[in-house]
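The values are calculated or read from the model by the stated rules, or taken from the named source; none is laboratory data. All values reported here derive from a predicted model rather than from experimental measurement. Ideal geometry is used to build each Cβ from the backbone, glycine not excepted, and the neighbour counts take in all protein chains shown.
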Amino acid sequence: MSAALPRPSAGPAHTGAFGARLRRMGIDSGSAALLYLAADSPACTVHGFATGSKAEIVVGARSVVAQVNLVAPALLPEGEAGLSETAWRRLRVPEGSMAQIAAAPPARSFALVRAKIYGQELDREAAGAIVGEIAHGLYSDIEIASFITACAGGSLKVGEVAALTAGMVQAGQRLAWPRAPVVDKHCVGGLPGNRTTLLVVPIVAACGLLIPKTSSRAITSPAGTADAMETLAPVTLDLAQMRRVVEREGGCIVWGGAVQLSPADDVLIRVARPLDFDGDASLVSSVLSKKVAAGSTHVVIDIPVGPSAKVRTAAAATSLIRLFHVVSLHFGLTLRMIETDGSQPVGRGIGPALEAHDALAVLRGLPAAPADLRRRALMLAGEVLELGGKAAPGAGLAMARGALDSGAAWRKFEAICEAQGGLRTPPVAGFRQEWCASRAGRVIAVDNRRLARVAKQAGAPLDAVAGVEFGAPLGTAVSRGQPLFTVHAASPGALARAMDYLHIHQDIVVIGEAP
């Protein structure tokens, strides 16, 4: 997992610090770092800690900021302090280590967030201070939500987006590679099942380009690339492990949150997820900060456009492309933006394991592999090969197809998975139910957002097996009672929740008159 971040240069004043022996509590707290203290301990009675307080835990040169939770005295012996799994992984010290614990300093930069709320522009210094303190854990979730909201709705100018991007890069580590170009591919999202990265990376690496891919977990979707890849191989690699994989195989597919390349972004994503905010400014700064931090030089960005995709109109796509290009100039990145069809899902699977099954079928050349996923991945891989100078203009698609059809891409994917810790078979759901057409006709529209919501109601992405298996692309002729898609879930309760949602929203797949 990720290393603990260095303390801000101002550092907390450790007046009132106390010593405690650390215990690993084994509690999954998600992405939040938590410190557990007995309610009657001196830490609470003398030092004033209460639930919700922020504390800094220091062991030698390592430190982590965590939120305090009080527990019954019987759960923690006197002189001990407990850590959640996330706090433990970030601190990375032996169990039983003696720590110094003190109140964390307040988020001094929050005054700059207030200034932004009232109309003041963010410069690089302000953005760097805010993002640095967020990455270090000094902001509460409410304060982070305030910052996210202040940056939403088109309120950031181009210079502010560049400042935010720079601050996010500065808050983490930055990679450099021994050869160039370093290529990458990213999709802005909003299209269920569009898991082309699992295909593009092995195709491009098999053709000889360097493609160290760091991916996110889901923000507002039923699966992120890291979620799908995790059903096939470990993705929580540290920086040294990532380097070894790339040096050995020329590419990787790892979770960016584990390598601290843009650590504030993962915190912002965690808070933004329930808010369902994903505006242009946050999108561009998130994507470009990770590309810059990963050492990328040439990046292809897929922008699906459709009435129920994230980017809904050609005008919105043009605006987003312009923002990407202008901000990228501040960092010397070479971008190629590709507008693609966002009118319907790609492939059949929507959800981590289901999307992984689709990718495996394409890589293995199985007859039942989704043809649309194959076409889209080959097109994007061809663009990457041309942008990276491996293929001549117009020759990338043929090169990509050759790598896939010859089995070279599948062998490279196997090798990448083995280097990351071992290839495994994606799991399957134990509970399934079909959703059928209420009338005969032809499919004329698909609501991507609501279809994704069905998958999330079924438990995706937290339940890797959960999601939707889609079988009714645009133009499909259907009869009354014919299955349109199948809902997959890990439990009967999750399946029932998804079906309840469907009974309320029955027009996700729109069927018109047959021609």
Considering the stretch 172-218, residues that are of a type in the set (Val, Ile, Thr) and modelled with pLDDT under 95, and then whichever is nearest to residue 377 (Cα to Cα), we arrive at 188
Within the stretch 60-73, the residues that are within 13 Å of residue 83 (Cα to Cα) and either assigned to a loop (DSSP other than H, G, I, E, B) or of a type outside the set (Gly, Ala, Ser) (or both) are 64, 65, 67, 68, 69, 70, 71
Restricted to the stretch 14-49 and to residues being assigned to a loop (DSSP other than H, G, I, E, B) and closer than 14 Å to residue 63 by Cα, the residue modelled with the lowest pLDDT is 14
Subject >> residue 338 surrounded by 20 or more Cβ atoms within 10 Å (Cβ to Cβ), under 21 Å from the mean Cα position of the chain (by Cα), farther than 28 Å from residue 239 by Cβ and in the same structural domain as residue 369 (by TED's automatic domain parsing) >> reply: no
Output yes when any residue across the stretch 378-386 is surrounded by 14 or more Cβ atoms within 10 Å (Cβ to Cβ), in contact (Cβ under 8 Å) with a residue 60 or more places away in the chain, in contact with a Ser or Thr (Cβ under 6 Å, 6 or more places away or on another chain) and closer than 23 Å to residue 181 by Cβ, and no when none is. yes
In the stretch 220-246, anything part of a loop (DSSP other than H, G, I, E, B), touching a Pro at 6+ places or on another chain (Cβ under 9 Å) and not aliphatic (A, V, I, L, M) is listed as 221, 222, 224, 231
### Message
When you scan the stretch 179-194, do you find a residue that is touching a strand residue (DSSP E or B) at 6+ places or on another chain (Cβ under 9 Å), without any contact (Cβ under 8 Å) to a residue 60 or more places away in the chain and over 23 Å from residue 421 (Cα atoms), even just one?
### Response
yes
Log entry, pairs with first residue in the stretch 236-250 being at positive phi, second being outside any helix (DSSP H, G or I) and crowded, with 17+ Cβ neighbours inside 10 Å, beta carbons closer than 9 Å, six or more apart or on different chains, reads 250/209; 250/210; 250/211; 250/212
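Would it be correct to say that residue 162 is modelled with pLDDT of 90 or more, aliphatic (A, V, I, L, M), within 19 Å of residue 373 (Cβ to Cβ) and in contact with a Ser or Thr (Cβ under 9 Å, 6 or more places away or on another chain)?
no
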Note: among 475, 471, just one is in contact (Cβ under 8 Å) with a residue 12 or more places away in the chain, at positive phi and not assigned by TED's automatic domain parsing to the domain that holds residue 188, namely 475
- Task: Return yes or no: is residue 368 free of Cβ contacts under 8 Å to residues at least 40 places away in the same chain and not polar (S, T, N, Q)?
- Result: yes
The residue from 455, 514, 494, 460 that alone is part of a loop (DSSP other than H, G, I, E, B), buried (at least 16 other Cβ atoms within 10 Å of the Cβ) and either outside the structural domain of residue 199 (by TED's automatic domain parsing) or touching a Gly at 6+ places or on another chain (Cβ under 6 Å) (or both) is 460
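Here is a yes/no grid of residues against (1) within 16 Å of residue 285 (Cα to Cα); (2) surrounded by fewer than 21 Cβ atoms within 10 Å (Cβ to Cβ):
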| site | (1), (2) |
| --- | --- |
| 105 | no, yes |
| 114 | no, yes |
| 147 | yes, no |
| 152 | yes, yes |
| 159 | yes, yes |
| 164 | yes, no |
| 175 | no, yes |
Among (1) surrounded by 14 or more Cβ atoms within 10 Å (Cβ to Cβ); (2) assigned to a loop (DSSP other than H, G, I, E, B); (3) over 26 Å from the mean Cα position of the chain (by Cα), residue 475 falls short only on (1)
Residue 485 fails exactly one of (1) under 30 Å from residue 205 (Cα atoms); (2) surrounded by 19 or more Cβ atoms within 10 Å (Cβ to Cβ), namely (1)
message = It is to be established whether one or more residues within the stretch 212-223 are under 21 Å from residue 263 (Cβ atoms), outside the structural domain of residue 346 (by TED's automatic domain parsing) and buried (at least 24 other Cβ atoms within 10 Å of the Cβ).
response = no
